[in-house]
Amino acid sequence: MTIDHGGDVPAYRQLADVLRARITRGEMEMDRPIPSVEDLGERYGLDPEDVRRAIQVLRDEGLLYTLEGTGDFVSSRAEETGGG
């Protein structure tokens, strides 16, 4: 999936949608780290701030959690939504 940089939906929301779909399909496993901000930015052509905003959206939804100094991980809540 690519991000539509000129679309009506902000890029960070599009990325959040992509990651949410990958989590709920089980492509990203529970308690496993997600790719880094840098890796996601490079993969989807986004600046780090957009990636961080997308990750925050998923944290707010309970799909991700952060371990300081380690990274972001798929939450056990993802299992409730069909992922993990």
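Points worth noting:
- Of the DSSP H helices in the chain, none is both long (alpha-carbon extent of 30 Å or more along the helix axis) and hydrophobic (Kyte-Doolittle mean at least 0.5).
- Note on Asp31 and His5: the model spin-label points, each 7 Å out from Cα along the C-beta direction, lie 4.0 nm apart.
- Gyration tensor verdict on the range 36-79 (Cα atoms; rounded if a/c is under 1.5, prolate if a/b is larger than b/c, oblate otherwise): prolate
- The distance between label points at Thr66 and Asp47 comes to 1.9 nm (points 7 Å beyond Cα on the Cα→Cβ vector).
- Full extension of the chain segment joining Arg22 with Ser76 gains 18.0 nm, where the gain is 0.36 nm per residue of separation less the Cα-Cα distance.
- Exposed-loop-free span, longest in the chain, where GluC sites (Glu not before Pro) count as exposed if DSSP calls them loop and at most 16 other C-beta atoms lie within 10 Å: 30-60
- The chain, accessible surface, carbon-and-sulfur percent (1.4 angstrom probe): 44 percent
- Loop-resident trypsin sites (Lys or Arg not before Pro) (DSSP state other than H, G, I, E or B) in the range 1-56 with no more than 13 further Cβ atoms inside 10 Å of their Cβ: Arg25.
The values are calculated or read from the model by the stated rules, or taken from the named source; none is laboratory data. This one's a predicted model, so the numbers in the text were calculated from it and none came from an experiment. Counting neighbours? That spans all protein chains shown, and the Cβs are built from the backbone with ideal geometry, glycine included. The accessibility values were calculated without ligands, DNA or RNA, using every heavy atom of the protein model including side chains. Shrake-Rupley method; radii C 1.70, N 1.55, O 1.52, S 1.80 Å.
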